[in-house]
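The values are calculated or read from the model by the stated rules, or taken from the named source; none is laboratory data. The structure presented is a predicted model; accordingly, all values stated were derived computationally and were not measured. Cβ placement follows ideal geometry from the backbone for every residue including glycine, while neighbour counts extend to all protein chains displayed. Each accessible area value is taken on the protein alone, full model and side chains, heavy atoms only, with ligands, DNA and RNA left out. Shrake-Rupley method; radii C 1.70, N 1.55, O 1.52, S 1.80 Å.
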Amino acid sequence: MYISFPDNHGHQKSPSPETATTTMATLKQQTDFQAQPDDTTSDIIVDKLIAWNVEVVFGLVGDGINPLMEAFRKKEDKIRFITVRHEEAAAFMASGYYKFSGKLGACIATTGPGAVHLLNGLYDAAMEDAAVIAITGSTYHDLAGTFYTQEIDTISLFKNIAVYNQQITGPTHAQTIVDIACRTALSTPGVTHITVPVDVQQMPLAKDKRSRKSGMLKGSSTYLPRIVVPDEQELDILASILNDGESVMILAGRGALNARAEIEQIAEKLGAPVAKALLGKAVLPDDSPYTTGGTGRLGTWPSQQLMKECDTLFIIGSTMPHLEYYPDPEKAKAVQIDRNPQKLGMRFPIDAGVSGDVRATLQALIPRLKDNSEKNFLKKAQQLMAEWKQCINKMEMQKTSPVKPPFLVAEVSKLLKEDALISIDTGAHTVFTARHLQITAQQQIAVCGNLASMAPGLPYAIAAQIAFPKSQSVAMVGDGSFTMLMGELATARMYNLPVKIIIFKNNSLAMDKFEQEEIGNKGFAIQLQPVDFAKVATAFGVEGYACSNSEELPSVLEKAFASTEPAVIEISVDPDEAPDPPEKIMKG
C-alpha cells in the first residue's frame, strides 16, 4: 500500500472529478493565531474553529454555553452562527452541511438536555462518516458529580458516536484539543466532541497554569489529507477477478461520489452495468447509458434482475443493506473497494477486497482491466432499462385525486434546476422519490440512509441552502416526519432561505402501515391527526400551498418554485399507494 499527498484534495459539491477539489498548489495553510493573555477558553475555541475554516455553527443558546456564545458574538464577522429551534435540528444541519459541501460541520448545545438533543443528528453523521465537530457545555468544574442542575456525564453520552471525545480543562488545553478534534473529524472522517465546564469557558489564558510537563504546546491548525492506494499486487488480484468475469455488475455507493469518470470508464471497458445504492444515487445521472438506477427494495427491476444473473460483483464504496438484493454467493464472485477496511465483506462474501481512496484506487486499477468488446451484459441492461422506464412512465402519468406519489415526484423532477440540492426524509415517500426522481449530472441528494431517522429533511434543506445560497434547495418529506421538526420553518424564515418543502400528506405513517400489513398484521397506531400545513406555514411567515388533485398540481408547483421565498407545498397523496418492491411493480 502506498500513500501520497494529493494533487487535489477535499470534498466537492458536484461529483464531477474535474471540479472535485482545489489543487495542492492553492492549498490554504491555516494561519495559527497567537492567543493573548486576556483571551478566554471560549475565545480560543472560536478562534481555532475559524483557523480550521469552519464557516457556520448551528446551535441554540443556553446558560451552560453563554461564555462561548459571547465569543461567537465577538467574531460574527468571521464565523456565522445559525440559531435553530431544536438542538436535534442543529446536529442534522451540521451533518447535512458536510454531506452537501464536504466542509467541516459544527454544532453546539448547552449542558444536559441540550447535549442529549444533539444525539440523533450526530448518530446520522457518525453512521455516514460525516465530518462534524460537536461542542457542548458542562456543569461547573467543582460541582461535577454532585447531581447539580442539568448535570450529565456528557463524555459517556457521546462515547459511542465520537471518534474523538474530550473535556477541555482550560484555555491552554483548548489550544491543542480543538485542533485535534477538527483534524480527527476531517481525517477519519466522523464525529468529534468537546465539552467545556461553564466556568472554564470564562477562564483567561493569563490565569491558567501549565503543568510542568506541557512545555509550550499550543496545537497546530494545519491539515493536508492523504490519498491511500492499495499496492500493485492487491490491484492485480482485483483486476484478475474482474477480467475473468463474463457478466460483471457494479454496485456504487456514497463512497464513489467523486469517482464518476472512473466508474464510467470501467463500465465501458468491462461492459458492466452500474446499480446505485440510494446514498450513491448521484454517482451517475439517471439517464446514463451505464446505470440501471437504484438497487434494493427502493430500486429498479433491471438492477434486481441483473444482480441475480451476474457472475462477478464489483462493490465500490457501498454497504447497501438490502441483503436479499445481492447475487447468490454460490454463483457470483465479488471484489470490493472501500475507504474503511471494516466495511470490506460486510454485506456480501468477497473474494478480494482492498482499502483505499476510491477514486485513486480506480485510477490505478483501470489500466489493468481488459476491454470487453461484446458488452452483451451491458446491452441487456440497457434493454431492460428501456422496458422498466416504459413501466414507471405509465405510473408517473396517472392523474388522480388524491395525487399518486409517482406523479408528484415526476412533476417535481421537471422543476429541479441543474444544480438542485435535494434532501430526502425517511418514510414511504423515500421509496417513491428514490425511484421516480431522475437525478441529473450536477444535482446532489442527502438522505439519512444508515440511521434512517425521520425528521432530517427540513434541516438538511436549510443546511444546503446556507452552504450554497444561489442553488435550489428542495426537501421531499412525509407529513409524519415533517411534523417532528417543523419548528425549523422559523429558522428558514429568520434567515430568508428560499427552501421548497414538498410534503407527501396522507395523514398516516404509511411506511409502517405497509410493513405491518406485509407481515400479516392489521394497521395499528398509524393514523395521524390531519394538519393544515399551508396554514402552519403562513403562521411561520412562510408561503403555504396545498393541492389535492393531479390536474392542478403542475401550476401549484410552478408558482411555489418561482417564488424567492421559503415555501411549504402540501400535496394530498393516495394513502393506499404502496411503496412496492421492484419485482411487484414489473408484475403489474
>> Just to verify a result, which residue in region 564-574, among those that are of a type outside the set (Asp, Glu) and touching a Lys or Arg at 6+ places or on another chain (Cβ under 8 Å), is nearest to residue 518 (Cα to Cα)?
In response: 573
> When residues of region 311-325 are filtered for being more than 18 Å from residue 283 (Cβ to Cβ) and in a loop (DSSP other than H, G, I, E, B), how many remain?
Replying inline: 1
>> Within region 247-254, does at least one residue satisfy the condition of being at positive phi, in contact with an Asp or Glu (Cβ under 9 Å, 6 or more places away or on another chain), in a loop (DSSP other than H, G, I, E, B) and not charged (D, E, K, R)?
In response: no
>> Take the residues in region 326-346 that are over 19 Å from residue 234 (Cα atoms) and crowded, with 20+ Cβ neighbours inside 10 Å; name whichever of them is nearest to the chain's Cα centre (by Cα).
In response: 326
>> With the structure loaded, tell me whether residue 72 is within 26 Å of residue 114 (Cα to Cα), at pLDDT 50 or above and aromatic (Phe, Trp, Tyr) or whether it fails that test.
In response: yes
>> Condition (residue is crowded, with 19+ Cβ neighbours inside 10 Å, outside any helix (DSSP H, G or I) and of a type outside the set (Ser, Thr, Tyr)) applied to region 171-187: is it met by at least one residue?
In response: no
> What do you reckon, is residue 386 among the small types (Gly, Ala, Ser) and open to solvent by 10 Å² or more (accessible area, probe 1.4 Å)?
Replying inline: yes
>> Can you go through 191, 178, 229 and tell me which one is closer than 20 Å to residue 35 by Cβ and of a type in the set (Val, Ile, Thr)?
In response: 178
> Among the residues of region 433-447, how many are touching a helix residue (DSSP H, G or I) at 6+ places or on another chain (Cβ under 7 Å) and open to solvent by less than 10 Å² (accessible area, probe 1.4 Å)?
Replying inline: 5
>> Being touching a strand residue (DSSP E or B) at 6+ places or on another chain (Cβ under 8 Å), of a type outside the set (Gly, Ala, Ser) and not in a helix (DSSP H, G or I) is the filter here; which residues of region 153-167 pass it?
In response: 158, 159, 161, 163, 164, 165, 166, 167
> Regarding residue 211, is this residue touching a residue at least 60 places away in the same chain (Cβ under 8 Å), in a loop (DSSP other than H, G, I, E, B) and surrounded by fewer than 24 Cβ atoms within 10 Å (Cβ to Cβ)?
Replying inline: no
> residue 110 versus (1) open to solvent by 20 Å² or more (accessible area, probe 1.4 Å); (2) touching an Asp or Glu at 6+ places or on another chain (Cβ under 8 Å): which is the lone unmet condition?
Replying inline: (1)
> Which one of these is buried (at least 24 other Cβ atoms within 10 Å of the Cβ) and either of a type in the set (S, T, N, Q) or under 26 Å from the mean Cα position of the chain (by Cα) (or both): 323, 278?
Replying inline: 278
> Quick check, is residue 241 touching a Ser or Thr at 6+ places or on another chain (Cβ under 7 Å) and either in a helix (DSSP H, G or I) or of a type outside the set (Gly, Ala, Ser) (or both)?
Replying inline: yes
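Okay, residues lined up against (1) among the hydroxyl-bearing types (Ser, Thr, Tyr); (2) touching a Leu at 6+ places or on another chain (Cβ under 8 Å):
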site	(1), (2)
454	no, no
460	yes, no
472	no, yes
493	no, no
>> Under 7 Å between Cβ atoms, which residue pairs at least 6 apart in sequence (or on different chains) link something in region 381-410 that is among the charged types (D, E, K, R) with a partner that is surrounded by fewer than 17 Cβ atoms within 10 Å (Cβ to Cβ)?
In response: 399/551; 404/398
>> For region 135-148, which positions are open to solvent by less than 100 Å² (accessible area, probe 1.4 Å) and either of a type in the set (A, V, I, L, M, F, W, C) or at negative phi (or both)?
In response: 135, 136, 137, 138, 139, 140, 143, 144, 146, 148
>> residue 306 - would you say it is free of Cβ contacts under 8 Å to residues at least 40 places away in the same chain, among the aliphatic types (A, V, I, L, M) and either within 20 Å of residue 127 (Cβ to Cβ) or touching a strand residue (DSSP E or B) at 6+ places or on another chain (Cβ under 6 Å) (or both)?
In response: no
> Quick one: how many residues across region 468-487 are outside any helix (DSSP H, G or I) and open to solvent by less than 60 Å² (accessible area, probe 1.4 Å)?
Replying inline: 10
>> Please verify whether residue 551 is open to solvent by 60 Å² or more (accessible area, probe 1.4 Å) and over 20 Å from residue 461 (Cβ atoms), treating the condition exactly as stated.
In response: yes
>> Let me spell it out: the conditions are (1) assigned to a strand (DSSP E or B); (2) open to solvent by 10 Å² or more (accessible area, probe 1.4 Å); (3) touching a helix residue (DSSP H, G or I) at 6+ places or on another chain (Cβ under 6 Å), and residue 450 meets all of them except one. Which number is the exception?
In response: (1)
> Going through region 291-303 one residue at a time, which ones are crowded, with 24+ Cβ neighbours inside 10 Å and not small (Gly, Ala, Ser)?
Replying inline: 291, 292, 295, 300, 302
> Among the residues of region 507-527, is any touching a Pro at 6+ places or on another chain (Cβ under 6 Å), touching a residue at least 60 places away in the same chain (Cβ under 8 Å) and either basic (Lys, Arg) or surrounded by 14 or more Cβ atoms within 10 Å (Cβ to Cβ) (or both)?
Replying inline: yes
> What number of residues within region 70-107 satisfy the criterion of being without any contact (Cβ under 8 Å) to a residue 24 or more places away in the chain and either β-branched (Val, Ile, Thr) or part of a helix (DSSP H, G or I) (or both)?
Replying inline: 1
